[in-house]
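Trainee: Submitted below is the structure of interest, expressed as structure tokens.
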Amino acid sequence: AVNTDAVGSYSVTYSVSDANGNAAVEVVRTVKVVDTTLPEITLSGSSTVTHEAKGRYVDEGARASDTLDGDLTSLVTSVSTVNTDAVGSYSVTYSVSDANGNAAVEVVRTVEVVDKTLPEITLSGSSTVTHEAKGRYVDEGERASDPPEGDVTCLLNSVSTTSQAGGGRYSGTH
């Protein structure tokens with residue numbers, strides 16, 4: 001019998017005898033059961049992901065199946081170029097092969113690392129200061145940080161505006 005669930009070579013022998021007992025010469029057919037069907041990889045989740053810079057990236061993975069071997073998910077391997085420390089476009093590439101060496105078509109997830117986190121300004125001292133007129137004002141300082149970039153204090157701009165009496169607008173860069 002030919003076992004179509006197992007790769008291999010099988011022989012089927014045919015014989016016949018007529019009513020007078022005359023037997024034909026047996027004929028043998030060789031049946032080669034092969035596996036040339038590629039496994040299939042299916043992404044878990046979307047094929048394109050947007051991820052905030054500096055955050056820990058955990059990929060959703062992929063599943064794989066094969067007509068002969070069944071579930072190959074545990075054999076799926078991935079190669080990731082994702083770098084959450086730098087804004088950019090990265091990839092996670094999945095691959096798998098079945099027991100007979102048939103390699104699936106690789107599947108790629110694109111990971112876009114973005115910076116959408118707003119920088120934060122922290123004032124040194126109080127946010128409201130009472131200052132005597134005509135005296136020289138010395139600001140207590142401030143710091144600015146941005147999670148992907150770190151300390152961005154050097155990029156701070158300050159704008160000073162006056163209210164009612166005196167009216168004017170002054171600006172400077174720190």
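Trainee: Do you know which residues across region 80-108 are under 10 Å from the mean Cα position of the chain (by Cα), of a type in the set (A, V, I, L, M) and either closer than 14 Å to residue 43 by Cα or open to solvent by 40 Å² or more (accessible area, probe 1.4 Å) (or both)?
Mentor: 92, 108
Trainee: Another question, if that's okay. Quickly run through region 2-29 and pick out the residues that are closer than 23 Å to residue 99 by Cα and either without any contact (Cβ under 8 Å) to a residue 60 or more places away in the chain or exposed (fewer than 10 other Cβ atoms within 10 Å of the Cβ) (or both).
Mentor: 2, 3, 4, 5, 6, 8, 9, 10
Trainee: What are the residues in region 33-67 that are closer than 13 Å to residue 99 by Cβ, in a strand (DSSP E or B) and of a type in the set (A, V, I, L, M, F, W, C), if any?
Mentor: Of everything in region 33-67, just one residue is closer than 13 Å to residue 99 by Cβ, in a strand (DSSP E or B) and of a type in the set (A, V, I, L, M, F, W, C), namely 64.
Trainee: Give just the number: which of (1) part of a loop (DSSP other than H, G, I, E, B); (2) at negative phi does residue 21 not satisfy?
Mentor: It fails just one condition, (2).
Trainee: Quick one: which of 152, 111 is within 30 Å of residue 38 (Cβ to Cβ) and surrounded by 12 or more Cβ atoms within 10 Å (Cβ to Cβ)?
Mentor: 111 is the lone residue from the list that is within 30 Å of residue 38 (Cβ to Cβ) and surrounded by 12 or more Cβ atoms within 10 Å (Cβ to Cβ).
Trainee: Being open to solvent by 80 Å² or more (accessible area, probe 1.4 Å), over 27 Å from residue 119 (Cα atoms) and not basic (Lys, Arg) is the filter here; which residues of region 39-79 pass it?
Mentor: 40, 60, 67, 71, 74, 75, 79
Trainee: Okay, moving on. Among the candidates 58, 16, 28, which residue alone is hydrophobic (A, V, I, L, M, F, W, C) and either under 47 Å from the mean Cα position of the chain (by Cα) or closer than 30 Å to residue 146 by Cβ (or both)?
Mentor: On inspection, the qualifying residue turns out to be 58.
Trainee: For residues in region 113-161 being touching a His at 6+ places or on another chain (Cβ under 8 Å) and part of a loop (DSSP other than H, G, I, E, B), which is nearest to residue 57 (Cα to Cα)?
Mentor: Top of the filtered list is 156.
The values are calculated or read from the model by the stated rules, or taken from the named source; none is laboratory data. Keep in mind that what you see is a predicted model, and the values were worked out from it rather than measured. Every residue, glycine as well, gets a Cβ built from its backbone with ideal geometry; the counts of neighbours run over all protein chains shown. Side chains included, ligands, DNA and RNA excluded: accessible areas come from the protein's heavy atoms. Shrake-Rupley method; radii C 1.70, N 1.55, O 1.52, S 1.80 Å.
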